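Asks: Following this message is one structure expressed as structure tokens.
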Amino acid sequence: MSESESAGVPESKKRGVITVALVLGALVLILLVAGFGWYQFRHRADAMIEVVKSHAIRGTDMNIAEGILDFVEDSGYKVVTDGFKPSWGAEEVSDGVWVVSYVFEVGRRARWISWKVDQGTGEVVPRDRLARELWEGD
């Protein structure tokens, strides 16, 4: 008889408890790493979005965040706000280069205005006509 069986706990039961503990520990570590990674990405993405949103719209006393919806509607788009809400997003397309977009719905089609932002230099380049008009005032 083994020592653990003599203590009243079968060896197979001890191994099962150890396996469960290791699996739970691994799951906790995965959740911590994923959560921290998501937080870091979200923090970096929010910083790039803020670069675009805080830019002043020429000829007004508003920044892009404050005036973008009026600008879009003044450009001839009827923005749908029932159900789908216009929103900001960012995607890192290469190391330190982000695409920041404002997404809105017209009819049943998604539309967006986007800018390329270089995190290292802070350079912002409009990626479409509306973005250029908002950024440069053209």
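The values are calculated or read from the model by the stated rules, or taken from the named source; none is laboratory data. Fair warning: this is a prediction, and the values are worked out from it, not measured in the lab. As a convention, Cβ positions derive from the backbone with ideal geometry for all residues, glycine included, and neighbour counts pool all protein chains shown.
Asks: Here are some conditions: (1) at pLDDT below 90; (2) loosely packed, with under 14 Cβ neighbours inside 10 Å. V80 meets all but one. Which one does it not meet?
Replies: Checking V80 against (1) at pLDDT below 90; (2) loosely packed, with under 14 Cβ neighbours inside 10 Å, the one that fails is (2).
Asks: Inspect the stretch 40-60 for any residue being more than 15 Å from V124 (Cα to Cα), assigned to a strand (DSSP E or B) and touching a helix residue (DSSP H, G or I) at 6+ places or on another chain (Cβ under 7 Å) and give the result as yes or no.
Replies: No, because not a single residue in the stretch 40-60 is more than 15 Å from V124 (Cα to Cα), assigned to a strand (DSSP E or B) and touching a helix residue (DSSP H, G or I) at 6+ places or on another chain (Cβ under 7 Å).
Asks: Considering only the stretch 61-82, how many residues are in a helix (DSSP H, G or I) and among the acidic types (D, E)?
Replies: Total meeting the criteria: 4.
Asks: V93 - would you say it is touching a Phe, Trp or Tyr at 6+ places or on another chain (Cβ under 8 Å) and β-branched (V, I, T)?
Replies: no
Asks: Moving to a separate point now. What are the residues in the stretch 112-138 that are crowded, with 18+ Cβ neighbours inside 10 Å and touching a Pro at 6+ places or on another chain (Cβ under 6 Å), if any?
Replies: Answer for the stretch 112-138, where residues must be crowded, with 18+ Cβ neighbours inside 10 Å and touching a Pro at 6+ places or on another chain (Cβ under 6 Å): W115, W135.
Asks: Just need a number here: residues in the stretch 83-119 that are in a strand (DSSP E or B) and modelled with pLDDT of 90 or more.
Replies: 25
A quick yes/no check of all residues on (1) polar (S, T, N, Q); (2) modelled with pLDDT of 80 or more; (3) over 30 Å from G107 (Cα atoms); (4) exposed (fewer than 13 other Cβ atoms within 10 Å of the Cβ):
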position: S12; (1), (2), (3), (4): yes, no, yes, yes
position: I18; (1), (2), (3), (4): no, yes, yes, yes
position: L31; (1), (2), (3), (4): no, no, yes, yes
position: I49; (1), (2), (3), (4): no, yes, no, no
position: S54; (1), (2), (3), (4): yes, yes, no, yes
position: F71; (1), (2), (3), (4): no, yes, no, no
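Asks: Filter the stretch 88-128 down to residues that are among the charged types (D, E, K, R) and over 19 Å from K53 (Cβ atoms), then give me how many there are.
Replies: Looking only at that region, the number is 4.
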